[in-house]
Structure formats: C-alpha cells, structure tokens
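Okay, structure first, notes after.
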Amino acid sequence: MKISIPKFSRDAKLFLFGNFINGFGITGFNLLFNLYLKSKGIGEGSIGRLLSVGAYSTMLMVLPASFLIRKFSLKKIFTFTVLFLISGYLLAVISASLKSIFIGMIISGMCSAIFSCVGGPLIMEVSGPEERTLLFSFNFAISLSASIFGNILAGNLSVILNRFNITQEIALKFAIIIHLFIASFSLIPFLSIRDARIFDEEENIFKMHTKIGLILKLSTPHLLVGFGAGLSIPFLNLYFRDRFSLSTSTIGYFFSISQLTMIFGTLIAPFISKHKGKIITIVLSQIFSVPFLFILSVTNNIPIAFISFILRSSLMNMAQPIVTNFSLEMVDKNTRPFLSGLLTIAWISGWGLSANIGGKIIESKGYSLPFNLTGIFYIISSILYLRLLLPLEISREKNKK
C-alpha cells in the first residue's frame, strides 16, 4: 500500500500551531486547578460544582455561538475567544470569593463553546479533499501532544516553586498563571490566519429546519458513543487504583503512554479511511475496542489490564477526528458551525448524564457492568453508523464520479 502524505496550507499550519500553544497552556490549568482549590480549603462538593458550571456553560453557549460567529472575521473571533477564555480562567485563579470563581468558570466555559464551533469549519476551509482527513487527525494528535507536554511542565513547575519556600497554594497559583500566560501566545499564529469569514453571513439561518433529519442522523451515533463512554471511561483512574492498588504516579504513567499510542492511532487512521472509507474505519475502530472493554471488566492481571487499556484507548480515539470530518463534509459550510456545536453538545450531554449513572453502578456493583454497558453502546452506535451513514457516504462517493 503506497502512502503519500499531502502538504498542509499555510493557514492550516498556523491553526495547528495556535492550537498546540493554547492547548499546552490550558492543560496546565486543567491539571492544577482542582489541586489549587483544594489547597485553598475548598471542598470536593464545591469543586465539583465549579467544574460542572464550566461544562454546562459550554453546552448552553454552543448553539448561540454557532450563529454569532457568522457575523465576525476570524481575527475578531480568535482575539475575543482567546482573551476572554484566559481572562475567565485567570479570574477563577486570582479570586478570593467562590462567587467570582464561578463567574470565571462561566466565562471560560462560554468561550470554549466558540472554539468548538469554529475549529472544524475552519479546518474544512483551509484544506482540500486530499489532505482534509489527515489534517483533522493531525489536529487531534496536536491536542494530545500539547496535553502530554503541558502536563509534564505543570506537574514539575509547582514542585520547583515549592523548593523556594513558597506555600503549596501560592506555588500552584503561580504555576497556573504561567501556563495561562503561555496560552496567550496562541494569538500570534491565530491572528496570522487570513482575515476572512468562513461562513456566508447572508444565509437565512432559519432554513436550518430543512436539514434537521440529516443533522440528527449525523449526531445520534456520536451521542450514543458519548453516553457509553461516560459510564466507565471517567473512572479508569479509580479502576486501576481500586482493583490493582496502583499508586497515583503509576496511573499517571499509564495515561501518558495511552496518550502517546492514541497519537499513533490517530495519525494512521486517515490512511485506513482512504482505502476502507470513513464510516467503515469508524465502525471497525469501535467494534475492535469492545473485546478490550470486556477484558478490563473481568481481568485481575495488571499487564493484561494495561495492554487492554492502551488498545481500547487507541482504537476508540483514532477515528474520532474522522467522525468530525465526515459529519462536516455532509453539510454545507453555513451549517457546519451549528453541526460542530451540536456534536459537542451530544458528547457532553451523553457523557455527563451517563457518568452519574456509571458512578452509582460502580458504587453498588463494581466496575464489570459499566465496562460491558459501554461496549453495548459502542456496538449500537456502530450499527447506526452502518444503517444511517454508510448509505450517505456511498451515495456521496458515487456523485463525485
């Protein structure tokens, strides 16, 4: 099989670079914020509500954002989003009152919604059909890489600051602020992207109802994957601690290795989809991950559990950029921000709802049932991909010829 790697455009490279810097900085906040709040004496219940309000703000803002961004150029969108995203996080870190911290999380959550709406449509505009699938996967891999390196710096930065006789609370606070400062430099590549709109402002958005059937077909399988994943995936760190009594550092290494293998899987997925098609690639990755979920549910052997964990993560995540790519290709450019936002809502709502259910099941019955239920939802999602979306892909390919 001959593999040719297409070249990315200048704007695509700038977007990838900006995403890496932004992701690198925000990762530090995500890793240290809980620890910082805990060092301030804030309880787990309040921390949970703070994190939830950020997620709910993102979910509620996604659809309004998908329409608002039609009115502005990319420079204005990125300037507003990056500055207010960092300002929201900064407010949450420097505030003394819980109320102000909540406001900061709401601001940052709303800005995250704008990112979720603009990223996919922008990639569609700055790429051609030949390199588009690879660009989506590369963007996903860039995000994973930023997380890995961001976590390494964030984890060590607070430790280094502690050596200067700085209290834990202040060390964590300064480490987060340094990461947010780094994230602000993402404006440089983002603002170097051409100053243009990626949507036709004049389109009547109220015609969206004519496409609702297609939008539901594209988002429903994704919703089921999110719901299934939420039942068990958020608890994988607890699974390794409770079943195998592993230390936090060992679990951290497990997750770092998992992210590295996910990058590899993400980068080979486009070449598979080029020969097998996007929908078949998505379905194969999901179906092949199910046996490893079952193994995780029954094994008491650490090496087997680790290998299953790695393979499951790689398989399930390798096709996620292809899901976004295929979905956005199936609609016109003015529908893309709406659909991109809807896919985010589907994932967050499915994940958030089932995480509560999964936690209760684990508390009463252990880890086996949630892992197996996750596999069942992956299978149902795969069937819907084959029944609802494979015919659309086949039809689209025929029309190209």
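Only the coordinates and a few stated rules stand behind these numbers; no lab work does. These numbers come from a predicted model, not from an experiment. Methodologically, a virtual Cβ is constructed for each residue, glycine included, from the backbone with ideal geometry; neighbour enumeration extends over all protein chains shown.
Points worth noting:
- If you take all other residues with their beta carbon under 15 Å from the beta carbon of Gly352, and give Lys and Arg +1 and Asp and Glu -1, the sum is +2.
- Model label zone, Ser97; criterion: amide N under 20 Å from point 7 Å along Cα-to-beta-carbon; scope the range 19-57: 37, 40-43, 46-47, 49-51, 53-54
- Farthest positive-ward along the chain dipole, Cα basis, beta-carbon charges - from Ala319, Ala346, Gly155: Ala319
- For the peptides 161-171, 57-67, the ranking by packing is 57-67, 161-171, with the highest mean count of neighbouring Cβ atoms within 10 Å listed first.
- Spacing of the two label points (7 Å from each Cα toward its C-beta) at Asn356 and Ile280, in nm: 4.2
- Helical content alone sets the calculated 222 nm signal of the chain at -27500 deg cm²/dmol, taking -39,500 (n - 2.57) per DSSP H segment of four or more residues and averaging over every residue.
- Cα gyration tensor shape of the chain, rounded if a/c is under 1.5, else prolate or oblate by comparing a/b with b/c: oblate
- The range 337-400-the range 130-179 distance, computed between alpha-carbon centres (Å): 29
- For the chain, the membrane-span-like helices by this rule, meaning whole DSSP H stretches whose C-alpha atoms cover at least 20 Å of axis and whose Kyte-Doolittle mean is 0.0 or above, are 10-39, 44-68, 74-94, 98-125, 129-162, 168-184, 212-230, 248-276, 278-298, 302-318, 336-365, 368-384; this says nothing about an actual membrane.
- For the pair Glu397 and Thr79 in one chain, pulling the backbone fully straight at 0.36 nm per residue adds 110.7 nm over the alpha carbon distance.
- Separation of the alpha carbons by more than 31 angstrom is noted, of Lys217/Lys398; Lys76/Lys398; Lys13/Lys274; Lys173/Lys365; Lys7/Lys333, for Lys76/Lys398; Lys173/Lys365.
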